[in-house]
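One structure is given here, and the rest of the page talks about it.
The values are calculated or read from the model by the stated rules, or taken from the named source; none is laboratory data. Just so we're clear, the structure is a prediction, and the values are computed from it rather than from any experiment. All Cβ positions, even for glycine, are placed from backbone atoms using ideal geometry, and neighbour counts span all protein chains on display.
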Amino acid sequence: MVVTVFRPMEKKYATNGWRVRLMLEEKGVKYETRLVILEHREHLNEEIRKLSYRGELPLFEDFAGSLREETAMLNYIEKNYPEPQLIPPSDDRANFGRIISQFHEANGQFAQVCKDMINTFIELEEKNITSHKKLPKDMKDYKTLVSYWKQKLESEMIIWENRLTNDSLFFSGTDRPCIVDVSLFPYYYQIVRYGLSESSLPKLKKWRERMEDRDSVKRTSPGTSWVVHPFLLKF
């Protein structure tokens, strides 16, 4: 049975399932992508509901069954498609502990901060608001909210900036990405598209550029056709 990743077709959800596809690409696992049109409520059809009773996306399916929740998918892929390893072996206790801890941070606090901001920006875009001058009165607090999340995000980014050394190519500390790189990159890429300044994040900027050069990213990236407004530069 072919490995299948179900994800939304709509461009505003372009990063949905990206971490999973990146992981599969880095491991050289053949898979197919099934695009689901949310506006047509395809996520609530019988096929999807058999795999996810809530109609949640993304979904992962292989010969053994289906999974929901991207963090669970990444763990499953690492366990069942083990080569190359994206988590150090457990007998390398120092590196194993560091990578596992950062993996959960990347999919926890880091991801949540990014999601909060991204959801705000999606709502602004849906209302065709591209500058604070167009904010209607009932949304006058958005400028304050975005400024708050911007400061919160910049504080979070400094943590990850300091975890990269000048000579480390990836968070793995080697010349190959690990599960932390796979988890961080889609969110970081999206926030940069929304206008995050990298002037104080030189190591993260170089890391992003190295990731963008990888075939795994080139094959899965939403690309420049995914148009967003750089709200962080305007609010």
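Only residues that are over 26 Å from Asn16 (Cβ atoms) and acidic (Asp, Glu): list them for the range 70-122, please. Those that are over 26 Å from Asn16 (Cβ atoms) and acidic (Asp, Glu): Glu83, Asp91, Asp92.
Given the options Leu57, Leu44, Leu67, name the one that is at pLDDT below 75 and touching a helix residue (DSSP H, G or I) at 6+ places or on another chain (Cβ under 7 Å).
None of the others qualify; the one that does is Leu57.
Taking the range 11-123 and the helices (runs of 4 or more DSSP H) fully enclosed by it, the elements with 1 or more residues that are in contact (Cβ under 8 Å) with a residue 60 or more places away in the chain and surrounded by 12 or more Cβ atoms within 10 Å (Cβ to Cβ) are at 18-27, 70-80, 93-105.
Picking from residues in the range 99-132 that are at pLDDT 70 or above and of a type in the set (S, T, N, Q), the one that is farthest from Ser172 (Cα to Cα) is Thr120.
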